[in-house]
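No value in this document is a laboratory result; all are computed from the given coordinates. Note that this is a predicted model, so its numbers are computed, not measured. Because the Cβ atoms are built from the backbone with ideal geometry, glycine has one as well, and the counts that use them run over all protein chains shown.
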Amino acid sequence: MTLILTSDHLQQIQSHAQQTYPHECCGLILGHLEGDRKQVLEIHATQNAWSGDNFDTKRRYTIDPYDMMLVQKSSRDRNLNIIGIYHSHPDCEAVPSECDRLAAWPQYSYLIVSVHQGVAQDCLCWTLDDEDQFQREPFTISHST
Ligand SMILES: [Zn+2]
């Protein structure tokens, strides 16, 4: 599968990541599956609701299941689906951590943006394979309409 998003979508993710730096940002990727393409239509920023050990949102993120349910419902009403999740890695590579892997759902695209010194840099996309391991997923930036 290839994730197709516009430069606007990417910019929304990057600016969200820069705003929350040095903490991780997270959000939902909404769109459609079309054959072997995952067409992104909307980016929905969410709060990082991680509240585990010492509130370490510099290294962790979690999306409130209630938020997720609300978005799922409103997007379904508009004929959209949640097709992926994005989050940032402050001062760290755009490579999923073991925590990311354990929390990941099959089929979703996981877009990770690395932020160095407050500036968004690399963005990589990942998806789980049949063995629950992350593999790179190609993505294409289309022109905004
Ligand atoms: Zn992560």
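Cβ-Cβ contacts under 8 Å between residues 6 or more apart (or on different chains), taken from a first residue in segment 30-41 that is over 10 Å from residue 4 (Cα atoms) to a second residue that is hydroxyl-bearing (Ser, Thr, Tyr) and not in a strand (DSSP E or B), are listed as 30/75.
Within segment 99-119, work out how many residues are touching a Leu at 6+ places or on another chain (Cβ under 9 Å) and closer than 13 Å to residue 86 by Cβ. Before you say what the answer is, go through the steps one by one.
So the first thing to find is which residues in segment 99-119 are touching a Leu at 6+ places or on another chain (Cβ under 9 Å), and the list is 101, 104-114.
Remaining after also requiring closer than 13 Å to residue 86 by Cβ: 104, 108-114.
Within segment 99-119, residues that are touching a Leu at 6+ places or on another chain (Cβ under 9 Å) and closer than 13 Å to residue 86 by Cβ number 8.
For segment 109-132: of the residues being assigned to a loop (DSSP other than H, G, I, E, B) and touching a helix residue (DSSP H, G or I) at 6+ places or on another chain (Cβ under 8 Å), which is surrounded by the most Cβ atoms within 10 Å (Cβ to Cβ)? By that ranking, first place goes to 118. Does segment 110-132 hold any residues that are within 15 Å of the ligand (Cβ to nearest atom) and over 22 Å from residue 23 (Cβ atoms), and which are they? Once the filter is applied, which keeps residues that are within 15 Å of the ligand (Cβ to nearest atom) and over 22 Å from residue 23 (Cβ atoms), segment 110-132 yields 127, 128.
Screening residue 104 on (1) within 13 Å of the ligand (Cβ to nearest atom); (2) of a type in the set (A, V, I, L, M, F, W, C); (3) over 18 Å from residue 28 (Cα atoms) shows it passes everything except condition (3). In segment 13-37, which residues are farther than 21 Å from residue 91 by Cβ and outside any loop (DSSP other than H, G, I, E, B)? Residues satisfying the conditions are 28, 29, 30, 31, 32, 33, 34, 37. Among the residues of segment 86-108, those that are outside any loop (DSSP other than H, G, I, E, B) and surrounded by 12 or more Cβ atoms within 10 Å (Cβ to Cβ) comprise 86, 87, 88, 89, 90, 99, 100, 101, 103.
Within segment 74-97, does at least one residue satisfy the condition of being acidic (Asp, Glu), under 14 Å from the mean Cα position of the chain (by Cα) and within 22 Å of residue 48 (Cβ to Cβ)? No, the conditions are met nowhere in segment 74-97. Against the definition (in contact with a strand residue (DSSP E or B) (Cβ under 7 Å, 6 or more places away or on another chain) and either over 18 Å from residue 13 (Cα atoms) or hydrophobic (A, V, I, L, M, F, W, C) (or both)), how does residue 91 come out, yes or no? In short, no.
Within segment 15-30, work out how many residues are more than 16 Å from the ligand (Cβ to nearest atom) and closer than 18 Å to residue 124 by Cα.
Step one: filter segment 15-30 for residues more than 16 Å from the ligand (Cβ to nearest atom), giving 15, 18-19, 30.
Add one more test, that the residue is closer than 18 Å to residue 124 by Cα, and what stays is 15, 18, 30.
Of the residues in that region, 3 qualify.
Here segment 38-85 is the region considered, the condition is being in a loop (DSSP other than H, G, I, E, B) and of a type in the set (A, V, I, L, M, F, W, C), and the residue that is nearest to the ligand (Cβ to nearest atom) is 50.
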